[in-house]
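The structure appears below as structure tokens.
The values are calculated or read from the model by the stated rules, or taken from the named source; none is laboratory data. Everything quoted here is computed from the prediction, not taken from an experiment. We place every Cβ from the backbone using ideal geometry, glycine too, and count neighbours over all the protein chains shown. Each accessible area value is taken on the protein alone, full model and side chains, heavy atoms only, with ligands, DNA and RNA left out. Shrake-Rupley method; radii C 1.70, N 1.55, O 1.52, S 1.80 Å.
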Amino acid sequence: MKPFVTLSTRACPLPVANVDTDQLIPARFMKQPRSAGYGAFLLHDLRREPGNAAAVLDDPRHAGAQVLVARRNFGCGSSREAAVYALADHGIRCVIAPSFGDIFASNAVKNGLLPARLPEEQVDELLQDALVLGGGPIEVDLPSQTIRVGNKVFAFEIEPVWKTQLVNGWDDIDMTRSYAAEIERFAAQDAAARPWAAPAG
Amino acid sequence: MADTARTIIDKIWDAHAITTREDGQSLLWVDRHLLHEGSFLAFDQLAAREARVARPDLTFGVADHYVPTRNRDAIVPEIRGMVEQLVGNCAEHGITLFGLDDRRQGIVHVTMPAQGLTLPGLIVVCGDSHTSTHGALGAYAFGIGASEVAHVMMTQTIWQKRPRRMRISVDGRLPPGSTAKDIALTVIARIGTDGAQGHAIEFAGSAIRGLSMEGRLTLCNLSIEAGGRLGLVAPDETTFAYLRGRPFAPRGDAFERAVEDWRALASDRDAPFDREVVLDAASIAPTVTWGTSPEQALPIAATVPDPDRVADHGSAQAVRDALAYMGLTPGMALGDIRIDRVFIGSCTNSRIEDLRAAAAVLAGRRAAVPGLVSPGSSQVKRQAEEEGLDRIFRDAGLEWVESGCSMCVGMNGDIVPPGERCASTTNRNFKGRQGPGARTHLMSPAMVAAAAIAGRLTDMRPLLAGRTP
Ligand code: SF4
């Protein structure tokens, strides 16, 4: 996984709450292998809905933006990791919101995408900032957990474990394999302690 | 530690923690890993690492998300490919699969518990957010993403942070006509779709104890719509009676031994919860959603909200946006909302009791709109046919089809056409969930049946007068 340290880019303001994973990628687009690329499906239907805020993705001022700013409960709903693939393949590397769906946030980190939590008022401020609205520069610094827009600096929150993982580009599976002996020991003890836990039949 | 009062959530957690790192992450043992067609992304990750499934004996697959519910002999190649991928991957790794022609085929969250694969005290994971359903049996069950699915495949473990604990207590008696679905929608409307974020929920109280296992499955299924990591109900006599004799459940002495262990899972009297929510069962009425989020739910006698009366700007905007998508006017009575079709199915409400409840309303009547009834599993389908429920649905003018995720998710051919409005027993009224431009109203099976007859949303209680639900 590619490490995430700092990001100097532009932002897309998406002033919508409860952006669910069905919006991020409608289910009908999930039949293809990851290698085929999921970027074109990001917010596929919302982008095409007349007057919807998601049209910002196609606004030339925000072309190439790697940050998305949204309201509370971003990524709620289904566990589809394809929602993260759509964001990542579109080029988004960080989503800023007051809160995230639990499974979404975990999926994001596994793909090197930073879910940065800012208090509601500060997200509002970002969503109304002339620089953000105009596609001006934004900087995200993960080690110091700060976001800089013009002369404003915001401190964001992230689970410490996720921060470590993102900064180092660590992969869970390699880490878990170093616990192979413990896992084996646990499995043996557990099979004796809970004989009923194995599927009968 | 031994004499500290613990919740059921902590007890299961502690029994599965292989190791806990300084940063608070624990490596948990996984007892059951459930797969479906969508698992291909994880199998691809496995293949890229040339890895094997560590414990195929604890891994079970079923075809549900993409399976067609009609004309299974003439499946379009793209969909057939999705099912065949699952068949191939399961065969390669020695995983038991309930495929299209298996008598046990059905929606993963309907058929696995019915097979006795879900047991109290187990950790169950699946690449599907409604895995929370299995909590009804007292299991610690949650949905995971594709990378985590690959991790579980390779190691039979998963890294997790201990969740905060929330107890939702519902005491008293539910009024006639109110169901587990109404409890869930009422809870979600009250705490919001992110109300339980970061929390594991224990459902408790006399009204929960009074629910059948099927009602508990519906309730726990919807805990993800409140943002919860999972939802569960402590196992009791209802649970044990449900499990006895199921194909994969322990047998004989092993079962009795298990029941002893299961009884000890209940939360200790003074166990601390990080958050408590209390509801009075008597206040829960048949409820429907009007918007595009499950939190936008109201009792059927209510009216559609007026965004001009919503104080907070962001919320008013959300109401306005939902009303525009749903094609509704502020202040109109929910009972005046005309519908174009109905759907009875999905892992939320497609079990035999759900079908019986809908049939009780529909018996001897005609639906004013078309609709689809898809039983939750092939087993449920057979049982319903033995009971003659299929005839009631057919005689009412509804289509009786095979089991699968069907019209819940708009990815297998069953969709609500653009702009049409569907009364549905499913779990998500998100924009486009049932197909691009589809408008979804969530409610219980009996409420959907009533809507079918009236051609609009309506209170089913008058229609049930003098009938046994
Ligand atoms: S029925 Fe719907 S919610 Fe349930 S598993 Fe299938 S797609 Fe998911």
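The residues of the stretch B:342-437 expose on average 28 square angstrom of accessible surface per residue, using a 1.4 Å probe on protein heavy atoms. Hydrophobic long helices, here whole DSSP H runs in chain A with Kyte-Doolittle means of at least 0.0 and Cα atoms spread over 15 Å or more along the helix axis, are found at A:180-193. Within the accessible area of the stretch B:8-275, the carbon and sulfur atoms contribute 47%, probe 1.4 Å, all protein chains present. Residues in the stretch B:194-208 carry Karplus couplings, in order, of 10, x, 10, 3, x, 10, 9, 9, 9, 8, 9, x, 5, 5, 6 Hz; the curve used is 6.51 cos²θ - 1.76 cosθ + 1.60 with θ = phi - 60°, and Gly or Pro positions show x.
The label point for B:Val278 and the one for B:His313, both projected 7 Å from the Cα toward the Cβ, are 3.8 nm apart. In a Gaussian network model over chain A where Cα atoms closer than 10 Å are linked, find which of A:Gln122, A:Gln165, A:Gln32 has the largest mean-square fluctuation. Evaluated over chain A, the most mobile residue of the options is A:Gln32. Taking the accessible area of the stretch A:6-196, probe 1.4 Å, and keeping the other protein chains in place, the carbon and sulfur fraction comes to 52%. Placing a pseudo-label 7 Å from each Cα along the Cα-to-Cβ vector at B:Arg320 and B:Ala51 gives an inter-label distance of 4.8 nm. Given a 1.4 Å probe, show me the residues in the stretch A:34-61 buried by at least 30 Å² of accessible surface when comparing the whole protein assembly to the chain alone. Residues meeting the cut-off: A:Glu49.
Helical content of the protein assembly as shown, expressed as a calculated mean residue ellipticity at 222 nm, amounts to -9000 deg cm²/dmol (DSSP H runs of 4 or more residues, -39,500 (n - 2.57) each, divided by residue number, nearest 500). What is the distance in Å between the Cα centroid of the stretch B:51-108 and that of the stretch B:124-200? If you average the Cα positions of each part, the centres end up 25 Å apart.
For chain B, the fraction of C-alpha pairs farther apart than 43 angstrom is 11 percent.
Dividing the radius of gyration of the alpha carbons in chain A by their Kirkwood radius gives 1.06 for Rg/Rh. When only Cα pairs below 8 angstrom with a gap of at least 6 residues are kept, the stretch B:8-275 shows a relative contact order of 22 percent. Let me know the shape class of the stretch B:288-464, please: from the alpha-carbon gyration tensor, a ≥ b ≥ c as square roots of the eigenvalues, rounded when a/c is under 1.5, otherwise prolate if a/b is greater than b/c, or oblate. It is prolate, given that a/c is not under 1.5 and a/b is the larger ratio. Restriction of the GluC sites (Glu not before Pro) in the stretch B:1-99 to DSSP coil positions whose beta-carbon has at most 15 other beta-carbons within 10 angstrom yields B:Glu22, B:Glu50. Counting only protein heavy atoms and a probe of 1.4 Å, the accessible surface of the stretch B:288-464 is 49% carbon and sulfur.
Close amide H contacts of B:Leu230 (hydrogens built in the peptide plane, cut-off under 5 Å, sequence separation of 5 or more or a different chain): B:Ile201.
Based on protein heavy atoms only, the stretch B:8-275 ends up with 32 Å² per residue of surface accessible to a 1.4 Å probe.
The solvent-accessible area of B:Glu225, taken with every protein chain present and a 1.4 Å probe, is close to 10 Å². Excluding ligands, DNA and RNA and using a 1.4 Å probe, chains B and A jointly bury around 5000 Å² of accessible surface, summed across both partners.
Karplus-derived 3J(HN,Hα) values for the stretch A:57-73, using 6.51 cos²θ - 1.76 cosθ + 1.60 with θ = phi - 60°, are 4, 9, 7, x, 5, 10, 4, x, 4, 10, 10, 10, 10, 9, 8, 4, 6 Hz; glycine and proline are entered as x.
Classify the stretch B:296-336 as rounded, prolate or oblate, taking a ≥ b ≥ c as the square roots of the eigenvalues of its Cα gyration tensor: rounded when a/c is under 1.5, otherwise prolate if a/b is larger than b/c and oblate if not. Because a/c hits 1.5 or more and a/b exceeds b/c, the stretch B:296-336 counts as prolate.
Relative contact order for the stretch B:12-120: 27 percent, from Cα pairs under 8 Å spaced at least 6 residues apart, divided by residue count. Each 20 Å bin from 0 upward holds the following percent of the Cα-Cα pairs of the protein assembly as shown: 19, 55, 25, 1.
Phi angles across the stretch B:151-165 convert, under the Karplus curve 6.51 cos²θ - 1.76 cosθ + 1.60 with θ = phi - 60°, into 3J(HN,Hα) values of 4, 5, 4, 7, 10, 6, 9, 8, 7, 9, 9, 4, x, 6, 10 Hz, Gly and Pro given as x. Specify whether the C-alpha gyration tensor of the stretch B:96-155 places it in the rounded, prolate or oblate class, a ≥ b ≥ c being the square roots of the eigenvalues: rounded for a/c under 1.5, otherwise prolate if a/b is larger than b/c and oblate if not. Verdict is oblate for the stretch B:96-155. Here the relative contact order of chain A, from alpha carbon pairs under 8 Å that lie six or more residues apart, stands at 25 percent.
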